[in-house]
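The structure appears right after this line, and notes come after that.
The values are calculated or read from the model by the stated rules, or taken from the named source; none is laboratory data. Because the structure is a prediction, the values reported are computed rather than measured. Heads up, the Cβs are rebuilt from the backbone with ideal geometry, glycines too, and the neighbour counts pull from every protein chain shown. With ligands, DNA and RNA removed, areas are computed over all heavy atoms of the protein, side chains included. Shrake-Rupley method; radii C 1.70, N 1.55, O 1.52, S 1.80 Å.
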Amino acid sequence: DLLFKKSQAEKFLTKGQKVRIEIVLRGREKAMLDKARENLNVFLKTIAVPYRFEEEVKRGPMGFNAMIVPE
């Protein structure tokens, strides 16, 4: 599943589109905020297409999200 999401993000970035990456936390998952942020950062490091942050990783009501755009 993560490989599919990674390939879709790379495809959109190569087309010049913005990509919002979200991790949705439910129930007791909200107690593990540091692990969720770490997982999001690991996923962002796997993206091979050069990008920059339009919005840095931030905490939202349902989890973490970030907006990236191609360089």
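Just the residues that are over 18 Å from E56 (Cα atoms) and open to solvent by less than 80 Å² (accessible area, probe 1.4 Å), please, taken from the stretch 11-24.
Those that are over 18 Å from E56 (Cα atoms) and open to solvent by less than 80 Å² (accessible area, probe 1.4 Å): F12, G16.
Scan the stretch 1-30 for residues that are within 15 Å of V49 (Cα to Cα), aliphatic (A, V, I, L, M) and part of a helix (DSSP H, G or I) and jot them down.
Those that are within 15 Å of V49 (Cα to Cα), aliphatic (A, V, I, L, M) and part of a helix (DSSP H, G or I): L3, A9, L13.
Enumerate the pairs (first residue in the stretch 2-21 and within 15 Å of E71 (Cα to Cα) and touching a residue at least 40 places away in the same chain (Cβ under 8 Å); second residue anywhere and open to solvent by 80 Å² or more (accessible area, probe 1.4 Å) and among the charged types (D, E, K, R)) with beta-carbon separation below 7 Å, excluding pairs fewer than 6 apart on the same chain, so at least 6 apart or on different chains.
From residues that are within 15 Å of E71 (Cα to Cα) and touching a residue at least 40 places away in the same chain (Cβ under 8 Å), the pairs are K18/E54.
Out of everything in the stretch 30-51 that is open to solvent by 50 Å² or more (accessible area, probe 1.4 Å) and in contact with a Lys or Arg (Cβ under 9 Å, 6 or more places away or on another chain), what residue ends up being farthest from N65 (Cα to Cα)?
Looking at residues that are open to solvent by 50 Å² or more (accessible area, probe 1.4 Å) and in contact with a Lys or Arg (Cβ under 9 Å, 6 or more places away or on another chain), I get A48.
Please state which of the following conditions E55 fails to meet, knowing it meets all the rest: (1) open to solvent by less than 70 Å² (accessible area, probe 1.4 Å); (2) part of a loop (DSSP other than H, G, I, E, B).
Every listed condition holds for E55 apart from (2).
Only residues that are without any contact (Cβ under 8 Å) to a residue 40 or more places away in the chain and under 11 Å from R20 (Cβ atoms): list them for the stretch 45-66, please.
Hits for the stretch 45-66 are E54, E55, G60.
Just to check your reading of the model, which residue among F4, F64 is loosely packed, with under 12 Cβ neighbours inside 10 Å and aromatic (F, W, Y)?
Matching residue, one of F4, F64: F4.
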